[in-house]
Amino acid sequence: GLEDNPTVLSLLRFGLSLVALGPATILMGATLPTLTRHLSRDPSNLSSSFGRLYAANTFGAIVGTVAAGFILIELLGLTGTLLVGAACSAIAGISALILDQRRGPAPVEGAAGPVPPIRAEPAAHSQPRPRIRLALIVGFVSGLTSLSYQVLWTRLLASGTGDSTYVFSTILAVFLTGLALGAAAFNLYRTRIKTINLLALGQVIIALFVVVGMLAIIDIIDRGGIGQLSLTTNFLTESALPVVVVVLPATFVMGLTFPAASALIADPQGHVGSNAGLLLSANTLGAISGTFLVPFVVIPLVGSPVALGLIALVNLIMGIALAFGARIEARLPRLVTGGAGVIMAAVLVAVLADGGFVDPNIARLRTVGGSIVKSAEDDIASVQAGSLGGYAQLWVTGTSMTALTVDVKLMPILPLILRPSSATNLTVAFGMGSAWRAALNAGLTSTAVELVPSVPAMFGIFYPDAPEVMANPKGNIIIADGRNHVELTTDHY
């Protein structure tokens with residue numbers, strides 16, 4: 001019923017995903033604050049406990065990503081892999097019950113525990129004043145920018161790979177590796193770090209790594225260093241290496257700075273679990289905002305390359321605000337961090353205005369002598385129409401999908417020869433519109449189902465009679481998933 005409104009359909013899918021995953025992920029989200037409270041019997045070691053758990057949790061995520069994406073799905077299938085994950089959760093739960101039996105109960109939330117009561121004058125001065133609001137802002141921005149980067153890196157770095165599952169798994173594994181290594185580094189050096197200094201400088205450095213990494217990849221493509229990825233090319237050099245160059249440095253700093261925010265929530269009154277839960281909730285709310293706003297709002301408006309620059313600008317603004325607003329105590333670090341953020345923000349705006357950030361596929365085609373007639377991007381994918389080697393082509397996520405060839409035009413004609421009494425036709429994947437157009441020319445009532453909204457908009461690039469064909473009352477184009485349409489429709493083809 002919603003196939004005529006692809007935007008509402010996409011939003012419904014997003015909502016159903018939250019409903020389907022919500023109960024399990026709510027419980028997953030409760031584990032880290034609970035474990036932080038379990039280990040932090042003294043508020044003074046809150047950041048240490050949080051940092052160690054965050055690192056361990058992220059290392060576990062790396063193992064799960066690599067095992068599922070590269071091994072288990074192929075061996076056991078999706079359902080079998082899901083059962084393995086559920087079994088691991090059950091083992092973790094049983095282990096927690098055993099640990100709980102071996103150790104006495106944690107301090108009651110809000111009680112002072114082994115720390116002297118807050119009314120005791122020496123204790124009141126020995127513990128830092130919690131800065132909950134600032135910690136929540138930092139946590140929200142960290143979640144917003146980190147998941148926005150993951151969405152955008154997946155879109156940009158998967159360009160030309162055919163959307164291989166291995167590419168997605170590689171990006172996620174490298175993303176998590178950077179976070180884990182950063183968290184481990186924080187645990188090693190946390191006693192030598194001033195929290196606000198690290199948080200402010202970290203935001204500026206994240207933006208620097210994001211911008212430099214993306215410009216470096218575009219420059220390598222321009223010089224012919226990275227070509228069109230196919231199954232015959234070297235996966236490590238063509239796909240994994242660019243991912244490491246772009247993703248690892250920035251995510252290392254993300255992993256270094258986010259645990260530092262936990263130092264802002266240390267509370268002499270012992271609100272360890274609730275404060276850690278608030279910090280993670282703010283971080284997760286930012287992550288949800290990023291995964292929703294970037295594909296549904298920002299990318300359709302400005303495209304993925306510009307969106308990446310805008311998210312880096314958010315990091316810079318946060319770094320500048322922390323340097324000057326949250327008050328880095330020493331004047332020189334404050335001026336250096338804030339000044340560097342202001343200069344970088346000005347440079348980034350200039351780069352974006354000059355078109356320095358482009359889709360990797362456009363840069364790749366520019367290198368090999370291809371031409372782009374039209375480019376568009378929506379919440380599903382980036383799409384380009386143009387020519388390469390004298391042949392008109394259509395690229396979706398940087399991968400050539402089809403060309404103007406006779407065999408595509410014959411796709412609806414050959415089955416019509418076998419069943420000449422047919423009156424209706426279904427074409428799954430619109431492509432250039434060749435098969436759909438041929439079916440209409442043959443007198444069939446023709447429906448095309450296309451997942452990517454921008455693809456049918458390219459029809460006129462390849463066929464001058466596109467307006468007349470689109471006006472044919474026997475033609476219908478639906479923006480939906482082909483399998484879902486076939487399973488749900490009451491029509492027959």
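The values are calculated or read from the model by the stated rules, or taken from the named source; none is laboratory data. Small disclaimer: the values here were computed from a predicted structure and weren't measured. Heads up, the Cβs are rebuilt from the backbone with ideal geometry, glycines too, and the neighbour counts pull from every protein chain shown. Side chains included, ligands, DNA and RNA excluded: accessible areas come from the protein's heavy atoms. Shrake-Rupley method; radii C 1.70, N 1.55, O 1.52, S 1.80 Å.
Considering only protein heavy atoms and a probe of 1.4 Å, how much of the accessible area of the stretch 340-490 is carbon and sulfur, as a whole percent?
On the way: 4490 of 7220 Å².
Ligands and nucleic acids excluded, carbon and sulfur reach 62 percent.
Scale the Cα Rg of the stretch 447-493 by the rule-of-thumb value 2.2 N^0.38 Å and send over the ratio, two decimals. The value comes to 1.27.
Segment Phe14..Ile288, full-extension length gain: 97.6 nm, with 0.36 nm per residue of separation and the alpha-carbon distance subtracted. Note on Thr447: accessible area is roughly 20 Å² with a 1.4 Å probe, heavy atoms of protein only.
Would you mind working out the accessible area per residue for the stretch 360-493, using a 1.4 Å probe, and quoting it in Å²? Heavy-atom accessible area per residue stands at 49 Å².
With Kirkwood's inverse mean 1/r over C-alpha pairs for Rh, give me the Rg to Rh ratio of the stretch 321-458, two decimals please.
Working: Rg = 24.6 Å, Rh = 18.8 Å.
My calculation of the ratio gives 1.31.
Each peptide in 82-93, 147-158, 339-350 gets a packing score, the mean of other Cβ atoms within 10 Å over its residues, and the list from highest to lowest is 147-158, 339-350, 82-93.
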